[in-house]
There are 2 protein chains.
Amino acid sequence: MSLAAGTDLSLLVRKLETIITVSDLERRAIERLPVTRRQLSAHQDIVRDGDHPKQCCLLLEGWAFRYKLLDEGKRQILSVHIPGDIPDLQSLHLPVMDHSLSTLTACTLAFIPHEAMLDLTRNHPGITAALWRDTLVDAAIFREWMTNIGRRSTLGRITHLFCEIYLKLHGMGLARDFACEMPLTQGDIADAIGVSNVHVNRVLQDLRGQGLLTLQGQRLVIHDWDALTNRAEFDPAYLHQKRPPGP
Amino acid sequence: MSLAAGTDLSLLVRKLETIITVSDLERRAIERLPVTRRQLSAHQDIVRDGDHPKQCCLLLEGWAFRYKLLDEGKRQILSVHIPGDIPDLQSLHLPVMDHSLSTLTACTLAFIPHEAMLDLTRNHPGITAALWRDTLVDAAIFREWMTNIGRRSTLGRITHLFCEIYLKLHGMGLARDFACEMPLTQGDIADAIGVSNVHVNRVLQDLRGQGLLTLQGQRLVIHDWDALTNRAEFDPAYLHQKRPPGP
DNA sequence: CCGGCGCATTAACAAATATCAGTGACAGGC
DNA sequence: GCCTGTCACTGATATTTGTTAATGCGCCGG
């Protein structure tokens with residue numbers, strides 16, 4: 001808990017507002033939540049497969065991702081998270097983690113005790129519905145990823161991932177003009193879309209060669225949004241964003 | 001609404017009991033829900049991508065599945081549902097369907113108006129939590145499927161799918177002795193695990209050749225559960241079943 | 001009883017993708 | 001300023017998987 005708590009939690013309010021309308025009463029209840037701020041460097045696990053967490057975390061700054069590890073070091077990345085997300089909200093009702101959550105870049109996190117979140121939901125059915133809905137959007141994104149991994153070409157998978165990340169950032173006001181940060185390495189992208197890192201490299205070169213996008217350092221620039229969404233068969237409906245998702 | 005409504009809805013209670021403990025008060029509230037029973041034959045859409053449903057359906061008899069369609073007829077199956085499931089519960093908070101729901105076999109369904117479900121959740125926070133949790137388990141299964149499709153061998157994917165289905169049926173008392181119905185065609189399996197139907201055929205023959213399972217007509221018999229779960233790298237934790245999942 | 005249809009199966013071949021084995025650029029720690 | 005590790009990138013080769021096309025079987029309706 002800190003002086004900045006109100007500020008930290010206003011990010012959560014902003015996130016919920018991309019999904020529902022938040023009343024003043026609800027806003028105040030949210031901003032009264034006890035939070036513990038913590039800084040983590042890149043590639044630190046926040047919760048691990050098998051853990052029984054007693055708190056959720058709100059991502060304030062930086063990127064995080066969820067993943068599962070299989071035999072022989074195979075890894076599947078399950079989701080990518082940006083400021084405003086609560087990547088382990090599900091732990092509120094599923095006591096045992098079935099996957100891990102890790103920082104991708106250096107992050108600032110606000111930890112909120114489950115106790116406090118459950119109190120909040122007990123007293124504010126509207127917030128309960130909003131948080132429930134947030135986990136449902138999460139699931140909708142999983143469904144789209146399944147489709148991406150199972151049924152699209154590698155080129156389609158990569159472009160679809162980029163379109164999604166750009167729109168998520170844009171929805172939180174963190175990107176515009178078809179450019180954004182892209183801290184995922186080629187190996188991360190590979191583990192997110194179910195191919196090898198070598199193949200990601202080759203397809204990225206193809207995409208660059210076609211002039212569809214630039215990916216340099218940690219920065220993605222999309223040169224032709226319409227062409228890209230076509231290649232990806234990208235339809236943003238699954239993101240269930242409140243406002244019409246014009247980038 | 002019908003005389004059989006109480007009976008129909010006791011299936012929902014049984015389902016929730018595999019996940020939480022249901023009080024008598026809650027049980028009575030559930031059994032008071034207004035339901036419309038309907039029979040559908042195999043391969044009928046229940047809700048379609050883009051629809052704005054005004055009700056949820058409880059699956060009473062038969063199997064259903066969710067799917068997305070892509071260009072050129074590609075299809076990704078997202079989940080398989082058995083009696084006790086509410087496959088479109090998410091429509092309670094996500095007004096627009098981002099995928100379709102269809103019967104796999106002939107089905108009996110109980111439709112419950114959103115209005116009535118929302119009333120139920122307003123008056124029974126415990127049920128809200130249970131339903132929310134049910135959608136979270138749904139999402140946990142999506143995560144496992146993503147991993148399955150993205151990072152396992154075709155043989156692993158098929159065996160993993162079979163292990164999951166068997167345990168889900170077992171959890172609802174619909175299967176024992178390592179045998180169960182399996183109405184999925186090879187083409188359905190292919191669309192669930194992201195490979196071609198021809199390849200599914202080849203790998204199934206391999207599995208039969210190894211004596212791990214029998215798949216004849218519409219019936220699956222698992223000959224060596226331990227060997228199968230090993231091949232699949234199957235860990236049932238992600239199903240979040242209340243009781244320890246010994247088959 | 002026949003015809004049609006969906007499903008399982010097969011083979012031959014083509015395409016996509018993984019694997020392996022590197023190279024070089026760059027950044028951070030000491 | 002050097003060492004070390006990570007990351008992007010490359011080429012050769014091996015595997016896996018998809019595609020296409022054809023066959024046969026069993027079931028259902030007329």
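None of the figures in this text is laboratory data; all of them are computed from the coordinates on show. Keep in mind that what you see is a predicted model, and the values were worked out from it rather than measured. Don't worry about glycine lacking a Cβ; one is built from the backbone with ideal geometry, like all the others, and counts go over all protein chains shown.
Observations
- Inter-chain Cβ neighbour average for residues A:148-156, partner chain, 10 Å: 6
- Shortest first, A:HIS199 label-point distances to identical copies amount to 0.8 nm, with the label point at 7 Å from Cα along Cα→Cβ.
- 10 Å Cβ neighbours from other chains, averaged over peptide B:92-103: 4
- Where labels lie 7 Å past Cα in the beta-carbon direction, separation of A:LEU118 and B:ARG28 in nm: 2.6
- Over chain B, relative contact order from alpha-carbon pairs under 8 Å, at least 6 apart, %: 20
- To the nearest ten degrees, helix A:154-171 and the longest principal axis of the Cα atoms of chain A are 40 degrees apart.
- Crossing angle, helix A:5-17 versus chain A [Cα axis fit, 0-90 degrees, rounded to tens]: 60
- Anisotropy class of the stretch A:152-239 from Cα gyration tensor, a/c 1.5 cut: rounded
- Cβ-defined net charge surrounding A:GLN216, 13 Å radius [Lys, Arg +1; Asp, Glu -1]: +1
- At R0 = 35 Å, FRET efficiency that the Cβ-Cβ distance of A:SER153 and B:LEU174 yields, to 0.05: 0.40
- Eligible lysines near A:LYS15 by straight Cα distance, threshold 29 Å, same-chain separation 8 or greater: A:LYS54, A:LYS68, A:LYS168, A:LYS242, B:LYS54, B:LYS68
- Taking each DSSP H run with n ≥ 4 as -39500 (n - 2.57) and averaging over every residue of the protein assembly as shown yields -13500 deg cm²/dmol at 222 nm.
- Distance from the Cα centroid of the stretch A:48-73 to that of the stretch B:58-130 is 28 Å (rounded to whole angstrom).
- For the stretch A:3-139, the square roots of the Cα gyration tensor eigenvalues, ordered a ≥ b ≥ c, give a/c of at least 1.5 with a/b greater than b/c, which places it in the prolate category.
- P(r) tail fraction, the protein assembly as shown - alpha-carbon pairs more than 32 Å apart, %: 40
- Number of partner chain Cβ atoms within 10 Å, mean per residue of A:127-138: 5
- On Cα atoms only, tilt of A:114-123 relative to the major axis of chain A in degrees: 70
- The 3J(HN,Hα) values that the Karplus relation (6.51, -1.76, 1.60; θ = phi - 60°) gives for the stretch B:196-213 are, in residue order, 8, 5, 4, 5, 4, 4, 4, 6, 4, 4, 4, 4, 5, x, 7, x, 6, 7 Hz. Gly and Pro appear as x.
- Each copy carries A:LEU118; placing its label point 7 Å along the C-beta direction from Cα gives inter-copy distances of 2.8 nm, listed from smallest up.
- For B:LYS242, the point set 7 Å out from Cα toward Cβ sits 3.6 nm from its twins in the other copies, listed from shortest up.
- Each residue of chain A gets 121 Å³ once the volume of the Cα convex hull is shared out per residue.
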